[in-house]
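Let me begin by presenting the structure, written as structure tokens, before commenting on it.
The values are calculated or read from the model by the stated rules, or taken from the named source; none is laboratory data. Note that this is a predicted model, so its numbers are computed, not measured. Positions of Cβ are generated from backbone atoms using ideal geometry, with glycine treated the same way; all protein chains shown enter the neighbour counts.
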Amino acid sequence: MAAPYSRTVPLRLLLVRHGLSSFNQERRIQGRDDLSALSDEGREQARKLGHSLADVPLNAVYSSRLRRAATTTEELIAARGGSAPETIFDDGLLEVDLEPWSGLQIDELINRFPEAYTTWKRKPMELELQHQNGQTYKPLAELLDQARHFIDDLLQRHPVGNNDTVLVVAHNAILRCLMLVLLGEPDHGFRRLRVDNTSLSVFNLSPGETQPQVQIECLNSTTHLAPLPSKGKAARLILVRHGETNWNKEGRFQGQIDIPLNDHGRQQAAAARDVLRDVQIDRAWSSTLSRPTETAKIILEAHQGVPLKQTDGLVEIGHGLWEGKLESEIRDGWPALLDSWKRTPETVQMPEGETIQDVWARSVQSWRDIAEQLNSEETALVVAHDAVNKTILCDLLGLSPADIWAVKQGNGGVTVIDLSPDQGQPAMVTCLNLTSHFGSVIDRTAAGAL
């Protein structure tokens, strides 16, 4: 499968949540009040993230002025070393306004306001609260509007053609809203995302015909603290893209031609194995093609006895007559179709191949079949391909076949999905496309991600 744009990133956003705060430790609602301070552990978390960002140049730094975020920014910048732009404190990054709840412990909130708390957890857009002056308001609806204004202002200050890297340090709910605005506000999107303390999420913005094209490079990476975020109360699935092949390296469309891993791809699989060595894995599935199968087997070297099953539903998109060709060769024969594939992939029928809808139907069904076999204690490994992983993740994020370029899947990248213990609620994308086991928080896997 072919990436639609070059490796040049006109605008890179580094979205960071503040470190562990005193209210986080006490399980209290923080909201917009500035009563909570960064804990000693939170300061250390910020310093660790700063060290991991030491080699990433910054053109601008924006932060919430609330103490827990401002101190995180200060610690991160200091630990990062080198020069950094002066921090701009922007009220567009303030946390959600939960005034009537601020300071309450979670258990107290549940006991005093059970219906409102249930609404916040299950239908957050519908939650209504009342200020002390008696005025009723919808916290999340207001926060989304705040996020829209911040993104609009940011793009005015940093046009996508300026090649800027911008650090944004804020809070859980506002960061999720910023992500949702960037992704077009998918249905029920707020509960599909997870944002941990000092997590790093990277969004790349490229020029588009009417608005910037947005790509999630990684989401909720906390690899500076632990291999993976903590598991919830339901089943977990670890989704991995196969390691590099020679055709990935050359920029050839592979599709369903059975190209094996190259030596670098095996090294990538081994790095994924090592980072997942101490992570529970109970079951494993892969595509029937050799590149994901070998990747899965290498990862399972650290999990002896875990059986590996293969399924055709996870096989890569059939590129038809494009398979084995370089993009330049495809452009010679199908210039208009290639342009459509890059801009509107949902409209393309591959010559003698598949549509993205074909892949979506079988890959998402295979994913659901796997998920249904797991009990709440289990973790499954699933190793597949670029297009397959993209369609699964778009479905989980509430996106459509038109949005597949919004999700990056690096060779050997690790993604984690936690199913919801609350029936009827969407699964949570716990982290996406972790590639720091290759030595950098920035994804530097093969340019020809096919």
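Keeping to the stretch 379-393, report how many residues are buried (at least 24 other Cβ atoms within 10 Å of the Cβ) and either hydrophobic (A, V, I, L, M, F, W, C) or in the same structural domain as ASP187 (by TED's automatic domain parsing) (or both). Walk me through it before giving the result.
Step one: of the stretch 379-393, the residues buried (at least 24 other Cβ atoms within 10 Å of the Cβ) are 381-393.
Next cut, either hydrophobic (A, V, I, L, M, F, W, C) or in the same structural domain as ASP187 (by TED's automatic domain parsing) (or both) only: 381-384, 387-388, 392-393.
Number satisfying all stated conditions: 8.
Can you tell me which residue is surrounded by the most Cβ atoms within 10 Å (Cβ to Cβ) among those in the stretch 140-171 that are at pLDDT 95 or above and in contact with a strand residue (DSSP E or B) (Cβ under 6 Å, 6 or more places away or on another chain)?
Result: VAL169.
What residue, of VAL364, VAL407, VAL388, VAL441, is touching a residue at least 12 places away in the same chain (Cβ under 8 Å) and under 21 Å from ALA234 (Cα atoms)? Explain how you work it out, then say what you get.
Values: VAL407 fails: under 21 Å from ALA234 (Cα atoms); VAL388 fails: under 21 Å from ALA234 (Cα atoms); VAL441 fails: under 21 Å from ALA234 (Cα atoms).
None of the other options fit; the residue is VAL364.
Determine if the stretch 110-123 includes at least one residue that is within 18 Å of ASN24 (Cβ to Cβ), within 25 Å of the chain's Cα centre (by Cα) and at pLDDT 95 or above.
Taking every residue of the stretch 110-123 in turn, at least one turns out to be within 18 Å of ASN24 (Cβ to Cβ), within 25 Å of the chain's Cα centre (by Cα) and at pLDDT 95 or above.
ASP55 - would you say it is modelled with pLDDT of 95 or more and part of a loop (DSSP other than H, G, I, E, B)?
Taking the combined requirement at face value, the residue does not satisfy it.
Please determine, by comparing only the residues of the stretch 399-430 that are over 15 Å from the mean Cα position of the chain (by Cα) and not in a loop (DSSP other than H, G, I, E, B), which one is surrounded by the most Cβ atoms within 10 Å (Cβ to Cβ).
PRO401
Against the conditions (1) surrounded by 16 or more Cβ atoms within 10 Å (Cβ to Cβ); (2) of a type in the set (D, E, K, R); (3) assigned by TED's automatic domain parsing to the domain that holds THR430, where does ASP274 fall short? Just the number, please.
(1)
Quick one: how many residues across the stretch 71-113 are farther than 30 Å from LEU155 by Cβ, among the aliphatic types (A, V, I, L, M) and not in a helix (DSSP H, G or I)?
Adding up the residues that qualify gives 1.
Mind listing just one residue for me: the one in the stretch 308-358 that is assigned to a strand (DSSP E or B) and without any contact (Cβ under 8 Å) to a residue 60 or more places away in the chain and, of those, farthest from TRP285 (Cα to Cα)? Write out each step before concluding.
Keep residues of the stretch 308-358 that are assigned to a strand (DSSP E or B), which gives 308-311, 326, 349, 355.
Imposing the further condition that a residue be without any contact (Cβ under 8 Å) to a residue 60 or more places away in the chain reduces the set to 308-311, 349, 355.
Numbers: LEU308: 5, LYS309: 5, GLN310: 5, THR311: 7, GLN349: 28, THR355: 24 Å.
This residue is GLN349.
Provide a single number: the residues in the stretch 343-373 that are farther than 22 Å from GLY398 by Cβ, surrounded by fewer than 16 Cβ atoms within 10 Å (Cβ to Cβ) and out of contact with any Lys or Arg (no Cβ under 8 Å at 6 or more places or on another chain).
3
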